[in-house]
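The values are calculated or read from the model by the stated rules, or taken from the named source; none is laboratory data. None of the values given here were measured: they were computed from a predicted structure. Cβ placement follows ideal geometry from the backbone for every residue including glycine, while neighbour counts extend to all protein chains displayed.
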Amino acid sequence: MSKTTLRKRISLVATTALFAGMLSFAATPVAHAAAGDANIDVTDGTDNGSLFVATAASTGTSGAVHSATDLASLSGDAAALSKGLLVKDSSSGTAQTATMLAGGVLSLYAPVTTTSAMTASGGTFSAGQQAGGNGSASTSNVTYSSDNKTVLFTGLTAASPIAALYTAPTTPGTYTVGLYVGNGVGTVPTLSAPKVTLAGQVTITVVAASAGGSYSAAYSACNTSTVIATATGVDSTSSRDNGQQWYINFDLDDAYDVSLGSGNIVATATNGALLEFGTSTATSGAGTASTKVEYGSSQLRSVRIDQGTAGAPVTTTVTISFDGTVVCTKTVTIKGEVASLEIGDLLTGDLSSANGSTLSNRDATTRTGQFGYFTAKDSAGNIVDQDHNGTVAQDAATLTPLVTALTLVLGTTDSTADNNYRGTIAWTCGATASTAQMKFDFTNTTSGKVVKSPAFAARCANDPYTYTASWDKASYVQGELAKLTVKFLDSKGNPSNSLNPGASVITAPMMTLVSTTGSATAILKADGTVEYTYAVGLSTGLTAGTYTSTVDFSALTAVAATVATPTYKVGTGITSVTNEDVLKSIVALIASINKQIQALQKLILKR
């Protein structure tokens, strides 16, 4: 059965009733069977609205029309057989498709209530019959056109099934077979004019040889996933941590979107990863080898992938083949346990404070204690999800009377996208400015292995009190980027802590602020500085000259600080040339030419 049928087929119960010698058919037809499946009962069709193809395959030399008993009593349609049918879609109305071999035979049948005709653009009809009285089938009211491309069924006034064999042309191509019925107001098909009301139609692709039975990438699906599931063909974008598994879900069809069935399946993995076969509906255990071989179904399958060595990261390429044909190649990574820690983006804490929530929104999360970050990596350098792999604790031996405690929060995938897996660090400061070299330990849950962090500077200082400001260059050319650095000191002259220094007004003539740093959100670096980036020039250009900028943090200048006024030069980068410069160049050129003439005259006289 094709994937289309598997995914779309609905299950309806056909009903057959006999009232006063009349047959009654279903109001809406069920989904049509696929090539090779059992036939759909004629009673599952809609009167004057369904055309069925026998999907049961003939093992003889030709197809077979319904038996007389089946057609008349509707006891079943199993006797109807088609020869050479390769593919049949799931519809039974006027937009059907099928693929068959050249010269093959389709057994067709339909429920009708009036004079009807089957007509084809190519190929011929034979063996036409319709339900008769007394449990028999009648051929007396069945006639054919001279070229046998039309078969006509007459004398029908009540619900009755009709049937015929259709033999396809021996020339490959696309052909149509249509079922036409009377229009209900007196006009019915005839041999010379069979096309009245279209009730059903099959567009048939006739091929010289079957493309079935061989793997088709277009109709198959294979994808990585973190869970077993029906293959979608779309790889997962997730990551897998130490001890977790990857799955490759696959489902294989041929060029007609028909299941390949069972065959020899081989899966191999590089770098020692372990494999195990399973299905898309049942979890399999971990494998024991990097190569797995079985004879089994190609449908709704999965391959489980595990680390070859517990705790060790692995990047592996898994190749799956079916009956010798490679059908899927995927590369996945399973991270290992934590092997190293990296510290970064440190700030300076406030005196006599634990700083637990002072900057809780520094990375747009609600995590407390963000005066520093730490990242955990496995032995291959992959960033590891800390929360799912272990615990952290301060190294008590590195604590001092002035830096008395660490607050550590593990990073998880619940953090914002830009900060996934980053843990946060805060520390408790005493009443005196100081710097301590701190460490902490990460303990892997699975193995118990302890990883020590590198030493990092946990610095404490008082609030911003005074400041200075400076530009990174003395002069700039239009289009350059200029950096303004403001350095804050506490009341003791130490670089201040990282708390916001308050509102500011900064003016910089001939400059345009391009950085996102603003006084309302300014977080000072560990050395008490904050940096602003400007583009040299305005939208209207600039005027070359020397300018003075002003930097005023009003909350500080109101107490002890003074407004900073660093100066700078700006220019267009274009050097002007005066008339005097031009005259000097002309004189120099004439002198050079005269020297060359004199040298040439001396050379001529010598000869």
Would you please name the residue that is farthest from the chain's Cα centre (by Cα), looking only at residues in the stretch 176-200 that are assigned to a strand (DSSP E or B) and buried (at least 19 other Cβ atoms within 10 Å of the Cβ)? 181
Could you list all residues from the stretch 529-542 that are in a strand (DSSP E or B) and touching a Gly at 6+ places or on another chain (Cβ under 8 Å)? 535, 536
Among all residue pairs at least 6 apart or on different chains, which show Cβ distances below 6 Å where the first residue, located in the stretch 216-236, is of a type in the set (Gly, Ala, Ser) and the second is assigned to a loop (DSSP other than H, G, I, E, B) and at pLDDT below 95? 216/254; 216/255; 229/280
Scan the stretch 136-175 for residues that are in contact (Cβ under 8 Å) with a residue 40 or more places away in the chain, surrounded by fewer than 17 Cβ atoms within 10 Å (Cβ to Cβ) and farther than 28 Å from residue 86 by Cα and jot them down. 136, 143, 155, 157, 158
Kindly indicate whether residue 526 is out of contact with any Phe, Trp or Tyr (no Cβ under 8 Å at 6 or more places or on another chain), assigned to a loop (DSSP other than H, G, I, E, B), small (Gly, Ala, Ser) and more than 22 Å from residue 560 (Cβ to Cβ). yes
Which one of these is assigned to a strand (DSSP E or B) and in contact with a Cys (Cβ under 8 Å, 6 or more places away or on another chain): 468, 435, 428? 435
So if I check each of 528, 479, which one is touching a residue at least 12 places away in the same chain (Cβ under 8 Å), surrounded by fewer than 18 Cβ atoms within 10 Å (Cβ to Cβ), at positive phi and assigned by TED's automatic domain parsing to the domain that holds residue 550? 479
If I go through the stretch 534-561 residue by residue, how many of them are buried (at least 16 other Cβ atoms within 10 Å of the Cβ), in contact (Cβ under 8 Å) with a residue 24 or more places away in the chain and among the polar types (S, T, N, Q)? 1
Counting just the residues of the stretch 401-428 that are charged (D, E, K, R) and at pLDDT below 75, which one comes out surrounded by the fewest Cβ atoms within 10 Å (Cβ to Cβ)? 418
Give me a count of the residues in the stretch 507-521 that are out of contact with any Phe, Trp or Tyr (no Cβ under 7 Å at 6 or more places or on another chain) and either outside any loop (DSSP other than H, G, I, E, B) or buried (at least 20 other Cβ atoms within 10 Å of the Cβ) (or both). 1
